[in-house]
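Below is one structure, written out as structure tokens, with a few remarks after it.
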Amino acid sequence: MKNIAIYPGTFDPITFGHIDLVERATRLFDKIILGVAHNPEKKSLLTLEKRVEIASRIFKDNKKVKVMGFDCLLADFAKAQKANVILRGLRVISDFDYEFQMASMNRMLAPEIETVFLSPADRFTYVSSSLVREIARTKGDISQFVPVEVVQAIKKIYR
């Protein structure tokens with residue numbers, strides 16, 4: 001049986017912390033599906049298509065990583081992809097309450113799928129997409145937090 005992990009998120013934008021987590025997860029799982037979510041509750045800076053495009057470019061040389069957009073219930077997406085793991089990142093203790101609720105709900109919806117938590121490397125624990133968006137909005141330098149593909153895409157928005 002292949003261990004297929006879905007790493008879901010809006011990735012608006014994808015950060016070095018996200019990338020670190022995916023790269024480390026490839027040592028644990030046979031395949032990682034980076035599930036780029038459309039979340040109508042959030043006002044995204046980058047379109048779903050642009051987020052998928054950027055992530056696909058970043059992971060283009062990694063045969064264990066597949067990038068896909070989705071706009072359905074995560075449990076349904078995971079089942080459709082035949083995933084047996086939902087991978088989630090925990091940066092700080094305040095993430096835990098939300099992530100624990102989500103893991104419990106997903107277990108109710110898809111008991112055959114386990115949730116596994118990984119924490120990013122220490123140097124990325126303070127990096128979040130929302131902070132990157134705020135820095136970019138105020139014309140700050142985001143290059144130490146995100147890949148060049150993200151910097152270029154966001155510069156087009158905040159010219």
Among the residues of the range 87-103, how many are assigned to a strand (DSSP E or B) and closer than 13 Å to VAL127 by Cα? 1
Do you know which residues across the range 103-159 are among the hydroxyl-bearing types (Ser, Thr, Tyr) and within 20 Å of ASP20 (Cβ to Cβ)? THR115, SER119, THR125, TYR126, SER128, SER129, SER130, SER143
Are there any pairs, at least 6 apart or on different chains, whose C-beta atoms fall under 7 Å, with the first in the range 77-105 and buried (at least 16 other Cβ atoms within 10 Å of the Cβ) and the second at pLDDT below 95 and among the acidic types (Asp, Glu), and if so, which? ARG88/GLU99; LEU90/GLU99
Run ARG57 past the list (1) farther than 22 Å from THR125 by Cα; (2) under 12 Å from the mean Cα position of the chain (by Cα) and report the number of the one that doesn't hold. (2)
So which residues in the range 1-34 are under 21 Å from ILE154 (Cα atoms) and not in a helix (DSSP H, G or I)? GLY9, THR10, PHE11, ASP12, PRO13, ILE14, THR15, LEU34
Checking the condition over 13 Å from PRO147 (Cβ atoms), in contact (Cβ under 8 Å) with a residue 40 or more places away in the chain and not aliphatic (A, V, I, L, M), which residue from ASN3, ASN39 passes? ASN3
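The values are calculated or read from the model by the stated rules, or taken from the named source; none is laboratory data. Keep in mind it's a predicted model, so treat the numbers as computed, not measured. Every residue, glycine among them, receives a Cβ derived from its backbone with ideal geometry; neighbour counts consider all protein chains shown.
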